[in-house]
Structure formats: structure tokens, C-alpha cells
1. State, as an integer percentage, the relative contact order of segment C:161-218 based on alpha-carbon contacts under 8 Å between residues 6 or more apart.
2. Using Cβ contacts closer than 10 Å as the measure, can you line up A:26, B:120 from fewest to most?
3. Take residue D:109 and residue B:31, extend 7 Å from each Cα along the Cα→Cβ direction, and tell me the distance between the two endpoints in nm.
4. Separation between the residue D:195 and residue D:173 pseudo-spin-labels, each 7 Å from Cα along Cα→Cβ, expressed in nm?
5. Across segment A:2-145, what fraction of all alpha-carbon pairs, as a whole percent, falls in each successive 5 Å bin from zero upward?
6. Filter chain A for me: DSSP H helices, axial length by Cα at least 20 angstrom, mean Kyte-Doolittle hydropathy not below 0.0. List them by residue number.
7. Taking θ = phi - 60°, what integer Hz values does the Karplus form 6.51 cos²θ - 1.76 cosθ + 1.60 yield along segment A:55-69, in sequence order, with x for Gly and Pro?
8. So which trypsin sites (Lys or Arg not before Pro) in segment B:4-34 end up in coil per DSSP with only 11 or fewer other C-beta atoms within 10 Å?
Amino acid sequence: MNELIKHAKELLEKGEVAAVIGYRQVSEKRTKPVIITEPEETRALVFNEYCLNNLAVYLTKARIKLLGRKNNKSFKLAITAKPCDVHSIVALIQENQIDRDKIHIISFNCHGVVKDFGFDFNGDNLSSKCITCETHKPLYYDKLLGEVKETPQARDSALERIKEIERMPHNERFEFFRSEFDKCIKCYACRAVCPLCYCQRCITDKTIPCWIETSSHQRGNFAWNVIRAFHLSGRCTGCGECDRVCPADIPLSLINRKMTIEANNLFSFVSGRSLETPTLVGSFNEKDNDELFM
Amino acid sequence: MDKQNWEPKIVAFVCNWCTYTGADLAGTSRLKYPANCKLIRVMCSGSIDPVFILKAFERGADGVLVSGCHPNDCHYNAGNFHARRRWDFFHKLLDFIGIEKGRLQFSWISASEGKKFADVITKVTEDIKAMGQFTSYKKMNSEFTVDFPADLAELEEPVLQESFDKETVK
Amino acid sequence: MPHTAEIKEIIDESPDTRTFRLRFRDAETNDRFKFKAGQFAEYSAFGDGESTFCIASSPTQRNFIECSFKVYGKVTQSLRRLNKGDTIGIRGPYGNWFPLEDFKEKNLLFIAGGIGIAPVRCVFNNVLDLRDEFKNITIIYGARSVSDLIYKQEIKEWKVRKDIKTVITVDPGGETAIWDGEVGFVPAVLEKIAPESENTVVILCGPPVMIKFTLPVLTGLGFKDEEIYTTLENRMKCGLGKCGRCNIGNVYVCKDGPVFTYAEIKKLPREF
Amino acid sequence: MDEKIISRVDLMKICKDVIDKGNTLLTPGAADYYVVKDISDIILDTSALPSKISHKSYVFPRTEPVLYYKRSKNDVQLIDINIDSKKIVILGAKPCDANSINIMKHLFNWDHSDEFFNKRANNFMVIGLMCSHFDEYCFCTSVRSSPVSEKGSDLFLIPVDINNYALKIITEKGKEFISPYSGYLKPGDEKNSKLITENVRQPEAAFDSSEVYEWLGENFESPKWEGVGNLCLSCAQCAFVCSVCHCFDITDEDYSYTEGRRMKNWDGCQFGNFTLHASGHNPRDIQSKRYRQRVNHKFRYYVDRFGEILCTGCGRCSRGCPVSIDIKEIVSNCNDNQKEFLK
């Protein structure tokens, strides 16, 4: 970890970056985001299997962007990111939310993280995104740290669950999702924690006219969760944060995962993997699938 | 409502330039088609937000049709190409969460295809008739509703002239 | 549970401001509904929600109540769509009021900005009905432009009255060629006029930014904090001190307010 | 105070009777308080952590209609809501949760009594259960409560051995509830249960609530708020899982062309539009102000107003926070006023 601290300290001391967005340890099996602006504070920085948060979410926040603007000069922001978080950063750059030149990515050779705080790191408690992860080395970075380690093996239970749902008849599927969404309490933690939910005003906050009912009854919950999933389809990079933070344990990433699979099937596109390809829903191809249309 | 007399309610979001004009042509050509579809004219198939469709289901639609110009015919050049990608996703999503594919249908109808318009409407209506009422969504809608007592329900005239239950196709 | 009321008359005050003259559908409520100057009510446009405005007519007016609103959000847009004879819902009256009894035998200075004239008008008309009990009365009213001035008819009546001093101002740029009133922001105009601060009560109402800049001017002119009354505007939903929205410090604006003296406001955290 | 001994088997018999009579029986699970359908589901674990979501929704539902309306041409018909709440028995409520209804009662009854809340609250029967486990987020001892606190419970259970519980009858309501079942009760020994409660491991008091009260009064503009505000992502997870947060929103919804309902929904002070005026003015326009409001409301304003801390120390908000903001950490480090690492 000394490398990370040294690097971050150097960046801050040289004035190359205005702030470092990183993790700090709060207890043995829990970390928390920290935004560091003073060189000596970098000693708190850590990176380990408990760094679950996707810090890319902070990059689009106005107050964090403001940190990069001091004395009428604009500075870079450094961010410590897991390889999968880099996908989110890439997706944000593609959607013109952040500027690649303004971000200093400190990334790591990653061998997986736990599914939630408080668990021991092993195959059983591996986060579901890590099971199918193919990018243990980040695709884009300014500084690469950490050593290469073996990722524990685990069963891809999420995919099995998707297959299981696909085998159900439609009314059963509807009933399944209705009852899952019914648990939603509309705290919007899924929205807050998602790096790609960066809209200044979410569609649920728009009241004239009110398309999605704000009440958390079945109908309002259904509408919200469907639209949330739709707005992320083709964009979700699969960081799984929504799933982790949901206090009602709704399997949100199940739908996201399914839509990612569909995006790959239909358009051979995976979000956040390349800075060169345009975004999926922001572009089109004349030769797209036309089967749906009569 | 007994099953025999039941008529599906279908909302059709149609593009102003092609399908709506096509519907006009179907009308002036005196083609016959079922009166279950309520047409909602929008400027472009690309401007239809998926929330419109959810709202239609929320308000008791049994099926939704989305229709626009043929690819390469869009009045705004690329609106329907964008729409096509979006609908591909939305369709897959709805299918995954348990809304049958036939509930939400798509078509391209140009301004000259009055006949096709009539055919599509007939087909969609028949499809949805075969599928029956969208009971699962309607069950969800009925949460927190109340039956107004009969004496209160005496209305002089509804605020909105066109109520969904009254078949008012001209 | 709101009472239903019929819109008896609609008065277009300015391009975006409307006044409703309302009468309860239920005659009994009509008799029972009593309020004091400064209190507010919750008006609902069924289907779009509830909104809080003050009651703009004087409590001495018993046959109807009036409310003025500026079209801003969802509810006000919906209210604006209503026609004469339509029904809206009213809950209230809520909140506290201007202690008019304490104002007796004193000079009164009314300062209003924009739609803030509505609550001031309520007190003002109430005061005019009891004109003999007060000493000098001054009103300063500012709006963004001439067309944004509301209650134009009444202003004319106020102007011709000899026993009140009426100063109307519009923001720079908002004046027209034939405008004969003042031009300038309310605090500046206030400074220019520099009313007598001895034995004077100030009733101040307007947008938060105006209040923010007017208060120091008043202090500079020698007004006592306890003598400056203002109303705080916060988003409110329930009007009953439950929903927590209007909470500033340990105060619920909908219950303990909306009328506060500057002395009270000074004790509160600056979150309004 | 009356103390009796009841065996687990007999307690289950009572539970079965409660369910058979058509009442709702709630018990805490890992995720939520759930309605017991079969008594074999009852766990009664003293060493469980508080569930992810509190039982608040049973007394203050996350969404409920307050009014129905039907519009005709010029008129509107209104239908008022009558709540006929069933009796709800909470079995094994955590001591921290047991007190929550009592805390909220102050707010819902000052000046105007909220019938929606009161009707439900009066139908609540709380059987508390001693708690023997805590984690890094529990801080009940800091907010005038403890793992053996009987506050808010009508009956209180203390496991004396594997098969038996000491049953304390705290309120009249509890006495009334238990009287039909007096056959199951054996006389108990207060010394025995006292020994147990005294030996329960308790979280160390992390802060002194009166000190926090003082500090909040003096440090409205502390750099600390800015630090937390930068981290907080403005979801309302903390408010919605909290067992005493009570802010709500009222909105109208049409469910057909002429009919609709007015709904009362949970709302959270961390949302940006919570205080947003229609004019665009927002008194709490940045996240740090909103977080400050949350802490102040809990530890200062509510104390000023009603004399109680609006917090039960269950730690749900911190445990579930997406970015691990720990309310305990914030208030317990308040006095040193350090902004270190909180940026």
C-alpha cells in the first residue's frame, strides 16, 4: 500500500491533482470513500478486497468537480479505481460527462472483492461481478499498482438465476418481479450510487407531468424499477453497486446483467470497454435488427 | 366484463409524418379496421419515451402499438433508427420481466400504406384479443383504489371529454 | 380533509399571477371559517396536489376569501387552468398571524416585493378597515416590472388616499415610458425614503433574496429587531407540523410561523 | 413491576392464538420485520442484529392514501379514509426498535393529532426481547437506551435458560394482553433476570448526547458538514430504514380519468428537492446543509421540541449507507472538531 500512498502524496505535493478520491479503512472488513486534498492525509489511503464502492460516482458530482477548480485554474482529480470501476469512468467519458484529461486514474491489478462488507474474502463470498470478470488488469490507467493474484473460483449463480427466470412462463415472471419490486421503499439508493445515473434531474423528480408515480405502491415501484433498468440498458457496466446497497435486497443487477447480455447479443457491445466506440443508445446503425417491426 | 363482450383497449403511438398520414389514407380509402386502437400522434417514433408505454398500461391498456416511418424515411433523418435500438432493448426488458411480446408491438407504416395500416391494426387487435385482458398489470393498478358510492358517482359530465371506456372512434 | 370551495371570480393580476375569489360550497364552513391576517391555507387542485399560499383578503371581509398565486410549479399551473365555477380544495387556516393588537397606536411600514404583496395586502386591508387605530401608514411595494405589479386597481385607490403614503417601485429595466413611480430595488428605495423608525412596526414580505438585503437596511435605519415582522416561506406539505419539510432549526414554519420577527429569525439557523 | 416465567413452548402457544384470532404477528428477520404465518418461523434470537429495514412501515406506511377524489364538471367528490387497523403484535422487538413508536408519538401528537398514526400506534402491542449482541454500528447506550431497556415495550422477555423466558409486564396494555394467558405463567424471580441483564455485554457509550446537543448548537458552520456533504450521495436510505424518521410527502395521483387519490409517502431530508421551492429557491441547496439538518434534527431540534433524541441507536443508517457514513462516528468525534479524513 505504500506505493499508493507515495504516488498519491507525490501527485498532491507536485500540484498535479487537486484531490484524490480513494478508500480508507474504517474497520477490519470495511472501507469507505475518502476525498483527500492535503498530502499528509494520503496516509489513510488503502486498496484491498474490501474496497467495494465504485468511486466513479463522485466524478460527476458538481461539488467534486469544483474541487478541481482552484484559483481560476483547473486541476486534475485523481481517482483510485478497480479495473471494473475504470469501465464506469470510460462510460462517463464516452457520454461526455467527464474529460479524460482531467482525470488521473490510479488503478490496480485486481483479483476480486467481497460481495459485501464484513465477509471474509474467499470463493463463496466473492462479489458476483468478479466471478465473470475478464479485466483483472485495467483497460485504461495512468498508474498501475498492485501485484497480480489469483482470483478465487466461484459459481456464476446470477447467470443461473437469469436462466431460471427465462424458463418461467410470462405470468410467473411478472409475478416474480412484481413481488420483488413491491419490496422497494424508493430510497433511491440504487440511483444515488450508480455512476451512470448522473442526471441532474431524474425522471422521477419531474412532476409536470408526473410519469413515474413517486408513491412506493406496486405500480409506482414497478414503473420506477423498469425505467431505471431501461435507462441503464446498454450503459450499465456491471459494477453491481445497486445490488449491494439496496436495503430491500431487490436483485437489481439481475436485470442489468440480463440487459448487458442482450446488448452483447444484439449489438456485440459491452459498455465502458473502449474509448473509441460510440455509446450504444447514442448511436445507430442502418443495418440494425429489424425483426421486431411489422 | 364477461369474456365474450370484452374488447381490448389498445393504445397506438404513431408518428405524425408517416403512420398518422397512413391512417388518414386508410380512412379516406374507407378501409375497415377494428375500433380498439386509440391513436396518439407524436412527432416522431424517436420521441416516444418508454414511460408513455408504461403509463398506457397503468391506465388500463391491454396492448400498445408503436409505429413510425420506414427506416431511411424519417422526417428527421434518424429518429426511427434511434427508436429502433431503444425499442429493441425495451422489448427485451419487458419480455424478461414478464410482459408478453405481443402486448407491445411495432411497425413501420408509410404515408402511402393505408392498407397496411388497416392490416396492422387488425392483426394487433386480434393478437391482443387472443391474449386476453392484461390482468396481471390491472391487478397491480387496482391497489389503493376505491369504489365511489353510487350516489356520489352521478356525474354531470366528465372533466375530460374522452373517457377510455367509451368507444369514441370517429 | 379539505373543504371544497367554488371559484367565484378570477382576476388576472399580471401575466403570471392570478387571484381567485373563493366561496366554500358548504354554507356552514363559510360561516365558521375565521382567520387572522398573515395566516395561510392549503389550496388543492385535485389531481395535481396541494400548495400553500397566504390568504390575501382581509379577515374583515367575511363573504369570500381570496388567494393570489404566481404560476411556478405543478399545482399553480393546474390551478391556473381552472375556470370560474370550478372547485378547489381548501384546508386551513394554518400558522400564526401578525399581532395587530400590538400594532395599535404605532406607525406602520409595509414593505412588499413581488408576490409577497399578497400577505401584506391582507394585513394592509385589515389595517385600513381599522384605520383610526393606527398612526402613519407607509407602504413600499416593488415588483420586477410594471406588468408584474399586482392589485393594480387597489394600488390606484391607495395612491389617492391622503392618509397613507404609497411608494411603488419596479426593478431597473422593468419600467415603462409612462411609469411615474420609483425605479430601483426595494432596499435601495427604502434607504432613499428613509422612513421614521421611531415607534414604527415593519411588515416585510417578499422573496428570500429581498428579505436578506432589506433587513440590514432596516437595522441601519434604526428599526428595532422586535418591531420587524416578516413571513418566512418554506416548502410545506401538511401544514400541521408533521411532514418535516418546513423545519428550520427547532421551528416548524407552518405552525410556529410563517410570521416571525427579525429578533426571532436571528436565533434561527440561516436556512431559508 | 410484575415478573413471571414463561416457557418457550407456552409462548409459542400464545403466538398461535394471536394469529388464530386474526391479528398480525410481526417478528424481526434479517432483512425486515415480517408477518408470521406459521409459528415455526419464529426465531426469537437475542444475538441477531437489527433487521435491515425497521418496523416503521407498519405504523407509518411508506405509502398510504389520505383522501380519494372524483372530479366531475364543476364539482369534486371527496371520500375520507377510515383506517381500521388490525391489532399488531410485535414479538421479539429489539429494545432499540421497541422505543421508536414512543419517540414518534410526540411528533404526531403535538398540536394536531394524526389519526392515521395514532390509530395504528394504539393497536400496537410490543413484546420486547433483550438483546445480547452488538456490532460496530450499535450505539443504543449513547442515546439513553440499552440492550436491556424496557422503554416502549408492553411486555419484555429475558431468556433465563434455553427453554424459559422471564416475562416482565411493563404496561397496563401488556397486562391486559397477557391476562387471558395467565395459565401459562409461573411466578418468577426478579433476582435471576436481574443477574442476566446486568451481565449483558453492552456497547460502550460512544458519545454523550447532551454534549452533542451543545456542540451542534455551537457548530452550525463546522467544516465537518462540508466533509460529510462531499461524501454523501443524497439517497434517503438512511431516512427510510430509520425507525423514527417521519418526514413525508403528499402527492395526488389520478388512477383513472376522473378519480384519484392523495397519497402520503415517505420522504427524506437528504433528497435535493425535499426543500426545493417552486420558484427554484432551495434553502438547503447543498448536501452538507442537508446532512447537517439530519444530524441536527435528530440530536438537537427534536430534543428542544419534545425532550427526546430522535434516534434509537440501532445503527441501521450507518450499516446500510452506500458510502459508509457513520452517524455515530460523526457525533462522537464532534468535540475534537477535527475535519481530518472527513473531507
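1. RCO, segment C:161-218: 27 percent.
2. By the 10 Å Cβ count, ascending: A:26, B:120.
3. Here the modelled spin labels are 7.0 nm apart.
4. Distance between the two pseudo-spin positions: 3.3 nm.
5. Bin by bin from 0 Å, the calculated values are 2, 10, 20, 23, 21, 14, 7, 3, 1, 0, 0.
6. Those that clear 20 Å and a mean of 0.0 are A:252-267.
7. Ordered by residue, 3J(HN,Hα) equals 6, 4, 4, 6, 5, 8, 6, 4, 5, 7, 4, 5, 4, x, 10 Hz.
8. Those satisfying the criteria are B:30, B:32.
All of the numbers you see were taken from the coordinates with simple rules; none came from a lab. This is a predicted model, so every value here is computed, not measured. With ideal geometry, Cβ positions are generated from the backbone for all residues, glycine too; neighbour counts draw on all protein chains shown.
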